[in-house]
Amino acid sequence: MRSAITTVKTPLLRRVATPLALAAMLACAGATAEVSSETIYFLQPDGRSYLLERALRTDAGSHRFHVDKSVGLDDLRHVDPQQFTWDDRSSGDANLMEFASGGFTVIFPGRFDDARISRGADGVAVYRSWDGSKDAEGRFGMWYAPGDFDRFTYTWILPDNITLLGYSANRDGEWVERANAVSFYAYDVNNLTFEIRYRVDPVRVATAPAADTTVAKALPAAPAQTPCEDDCNGDSDGDGVHNGRDLCRNTPAGARTDRAGCSLDTDRDGVADGIDSCPATADGARVDARGCPLAEP
């Protein structure tokens with residue numbers, strides 16, 4: 001079984017071999033198994049923030065995962081296996097997670113800076129995974145050593161306000177689109193870089209349901225309501241709609257209301273349903289306080 005240290009710097013994966021003597025011994029043994037890598041970006045509506053899942057499966061005896069200093073231990077959303085060590089002092093530019101296992105899965109949030117994302121005035125953003133630098137061994141992008149990735153997957157999942165425009169990789173593989181997501185699948189590859197193009201549209205904020213226009217014509221206009229400043233979860237007028245979203249916080253006791261907390265008036269006589277003793281008066285009829293027709297003079 002291989003024993004190796006895997007290093008990962010967000011958002012790039014790097015793995016370095018064990019000391020030369022051990023690497024030579026393992027090479028002689030010829031014991032190798034598939035190395036499978038999975039990267040999934042869950043992009044957020046702002047087009048820069050993301051939730052990242054990184055998973056690696058090998059037969060190595062241990063792995064070391066390098067996380068950017070901006071990611072702290074409390075930021076980790078998921079770690080498997082749960083037995084690991086956290087070192088935020090040994091390295092000046094990364095926090096280290098070490099696993100005594102043949103693989104791991106880690107999920108944590110992050111944000112692309114201007115070195116990774118360029119965005120035009122038209123809302124089109126371009127993500128580039130590689131900054132153009134190589135290490136002393138000539139390795140770059142997402143790489144593995146010794147050998148290559150036997151199986152490599154790379155996925156972006158986009159929110160509804162982001163439209164995927166294009167994508168490319170520097171290695172041969174298969175791109176597959178599913179709904180608002182795209183995945184890259186490749187085998188026996190190394191030193192991978194990616195470019196993803198997408199458009200970020202403004203997020204549409206949900207609004208409260210429109211008031212019933214029929215009721216609005218019949219009832220006196222509701223007084224303007226100021227945002228609740230206290231007891232927003234209470235229900236001052238007892239209509240079943242809490243103060244935080246009640247647009248008519250003084251409806252009479254017993255009145256039926258819509259979802260915005262304003263009185264319903266089916267027969268449009270100015271007396272709210274629920275306290276209207278004659279709920280089917282004819283249009284234009286003059287009514288008393290109970291909602292019943294007045295006698296003609």
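The values are calculated or read from the model by the stated rules, or taken from the named source; none is laboratory data. Only a predicted model underlies this, so the values are computations on that prediction, with no experimental measurement involved. When we count neighbours, we look across all protein chains shown, and the Cβ atoms used for this are built from the backbone with ideal geometry, even at glycine.
If the condition is being loosely packed, with under 15 Cβ neighbours inside 10 Å, over 24 Å from ASP59 (Cα atoms) and not hydrophobic (A, V, I, L, M, F, W, C), then segment 124-152 contributes ASP131, GLY132, SER133, LYS134, ASP135, GLY138.
Might you check whether a residue that is among the small types (Gly, Ala, Ser), at pLDDT 80 or above and within 12 Å of GLY240 (Cα to Cα) occurs anywhere in segment 266-283? No, segment 266-283 has no match at all.
Tell me whether segment 124-136 contains one or more residues that are part of a loop (DSSP other than H, G, I, E, B), within 28 Å of VAL182 (Cα to Cα), touching a residue at least 40 places away in the same chain (Cβ under 8 Å) and assigned by TED's automatic domain parsing to the domain that holds ASN191.
yes
Out of all the residues in segment 137-171, which are free of Cβ contacts under 8 Å to residues at least 40 places away in the same chain and small (Gly, Ala, Ser)? Correct list: GLY138, GLY166, SER168, ALA169. Consider ASP113 carefully, then state whether it is under 26 Å from THR163 (Cβ atoms) and surrounded by fewer than 14 Cβ atoms within 10 Å (Cβ to Cβ). Taking the combined requirement at face value, the residue satisfies it. All of (1) modelled with pLDDT of 95 or more; (2) touching a strand residue (DSSP E or B) at 6+ places or on another chain (Cβ under 6 Å) hold for ALA255 with one exception: (1). On inspection, ASP160 qualifies as modelled with pLDDT under 95, in a loop (DSSP other than H, G, I, E, B) and not β-branched (Val, Ile, Thr). Among the residues of segment 97-123, those identified as over 30 Å from GLN83 (Cα atoms) and in a strand (DSSP E or B) are ILE117, SER118, ARG119.
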